[in-house]
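Just so it is clear, none of the values below were taken in a lab; they were calculated from the coordinates. Values in this document were obtained by computation on a predicted structure and should not be read as measured data. Note that each Cβ is placed from the backbone with ideal geometry, even for glycine, and that neighbours are counted across all protein chains shown.
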């Protein structure tokens, strides 16, 4: 039997945020499994990708020089 509750999205988010971390992870895993079983369009996949992106300021651009990354002379 399937129940369709009419819960506003923001209310649902607040409820999920009150769950313990383990239950949040379990819920996320179940949702990801559900999404994987669906055939998503490219637009839906891009929307999912954008939903998990973070807006973080880059403190320093990474160096393109190998020596700076590995502290060696490349040999």
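Among rounded, prolate and oblate, which fits the chain when a ≥ b ≥ c are the square roots of the eigenvalues of its C-alpha gyration tensor, a/c under 1.5 means rounded, and a/b larger than b/c means prolate?
Prolate, because a/c is 1.5 or more and a/b exceeds b/c.
What shape does region 7-48 have by the C-alpha gyration tensor, where a ≥ b ≥ c are the square roots of the eigenvalues, rounded means a/c under 1.5, and otherwise prolate means a/b greater than b/c and oblate the rest? Mind dumping the intermediate values first?
Working: a/c = 2.96, a/b = 1.64, b/c = 1.81.
It is oblate, given that a/c is not under 1.5 and a/b is not larger than b/c.
If you count, for each residue, the other Cβ atoms within 10 Å and average over each peptide, how do 48-54, 64-70 line up from highest to lowest?
Packing proxy ranking, top to bottom: 64-70, 48-54.
Helix 21-37 against the longest principal axis of the chain: what's the angle in degrees, Cα atoms only, rounded to the nearest 10?
In the chain, helix 21-37 runs at an angle near 90 degrees to the longest axis.
Taking the chain as the reference, fit the longest principal axis to its C-alpha atoms, fit the long axis of helix 42-52 to the helix C-alpha atoms, and give the angle between the two in degrees, 0 to 90, nearest 10.
It works out to around 80 degrees.
Note the angle between two axes, namely the Cα long axis of helix 9-18 and the longest principal axis of the Cα atoms of the chain, as a number of degrees from 0 to 90, rounded to the nearest 10.
Helix 9-18 sits at roughly 70 degrees to that axis.
Determine the calculated [θ] at 222 nm for the chain from helices alone, applying -39500 (n - 2.57) to every DSSP H run no shorter than 4 residues and normalising by the residue count; nearest 500 deg cm²/dmol.
-17000 deg cm²/dmol
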